[in-house]
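The block underneath contains the structure these notes are about, expressed in structure tokens.
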Amino acid sequence: MKSLLQNKKILITAGPTREYLDPVRFISNESSGKMGYAIAEALHQFGADVYLVSGPVTISYSFPEEKIIHAKSAKQMYDACLPFFDTLDIAVFCAAVADYTPKTNYNQKIKKIENEIAIEFVKNIDIAFEFGKIKKQHQKSVGFALETNNVLDNTKAKLKKKNFDLIVSNSPNKDEGFGYDTNKICIIDQKLSLKSFQLKSKQEVAQDIVNAIIEMYNPVEI
Ligand code: CTP
Ligand code: CA
């Protein structure tokens, strides 16, 4: 079964992005990259040809450095992913990409002034959505969703909007999701059938996600 992944070209995005205001300040989020790296390591162990586009992370990992493409901003992450879109077999969009970036990135440090300041933001490109638009029949994509309310409806809407084959839903609760070593997920497929999992280590969660990917190629008969 696992050999189904052998020679598959897989792109994974992981970690946060940083959206710079000036040379020393940025807007970011709490993503540690642990989940994305765990998935990349699991897929790599099964013999897949895995490329990891990673935002800035400080975790320790065993994934081969030469297959990591480092990106800081959402724009850099998109630029790093784009060359893979045409030839990849599977994309796993695990990164917590910033939705907005400051309209102006000052090349000198912003100085403190007497008054308040306002920062204008512009929308970032949505990497998963862009891939979903041009995805070929044989290409699969897996997305993530983190919702605080209307979890199921919002997650299903994201699956459709971004043309994912699977979407993994996780929550920002304690011990789940951002920064923690454990996660509690649901996986929803294109038929909107849902599988819930217990709280587990991110390595075990990665195995569950890899199994769900394998099942897409070889659906279990009911
Ligand atoms: N994603 C992406 N590029 C972006 C934003 C999101 O590739 N610029 C991907 C994420 O990696 C994830 C999925 O899209 O797989 C859903 O991300 P999420 O932030 O939950 O959804 P959004 O569409 O950004 O909506 P919102 O943040 O408003 O819930
Ligand atoms: Ca978002």
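Quick note: the coordinates plus some simple rules give every number you see, no bench work behind them. Since this is a predicted model, take the numbers as computed values, not measurements. FYI the Cβ positions are ideal-geometry reconstructions off the backbone, even for glycines, and counts take in every protein chain you see.
A few remarks follow.
- Positive minus negative residues near residue 164 (Lys, Arg vs Asp, Glu; Cβ under 10 Å): +4
- 3J(HN,Hα) from dihedral phi, segment 10-24, Karplus parametrisation 6.51/-1.76/1.60, rounded to Hz, x for glycine, proline: 10, 10, 10, 9, 8, x, x, 10, 10, 10, 7, 8, 7, x, 10
- In terms of surrounding Cβ atoms within a 10 Å radius of their Cβ, 93, 26 rank from fewest to most as 26, 93.
- Tail fraction, Cα-Cα pairs, segment 2-217, threshold 25 Å, whole percent: 37 percent
- Using the rule -39500 (n - 2.57) for each DSSP H run of four or more residues, divided by the residues of the chain, the 222 nm mean residue ellipticity is -7500 deg cm²/dmol.
- Under 12 Å, Cβ to Cβ, from residue 150 - net charge with Lys/Arg +1 and Asp/Glu -1: 0
- Amide H partners (placed H, <5 Å) of residue 100, local residues excluded: 124
- Beta bridge orientation in the chain: antiparallel %, DSSP, nearest 5: 40 percent
- The order of the peptides 56-69, 136-149, 39-52 by mean Cβ neighbours within 10 Å, most packed first, is 39-52, 136-149, 56-69.
- Summing Lys and Arg as +1 and Asp and Glu as -1 over all other residues whose Cβ lies under 13 Å from the Cβ of residue 20 gives a net charge of +4.
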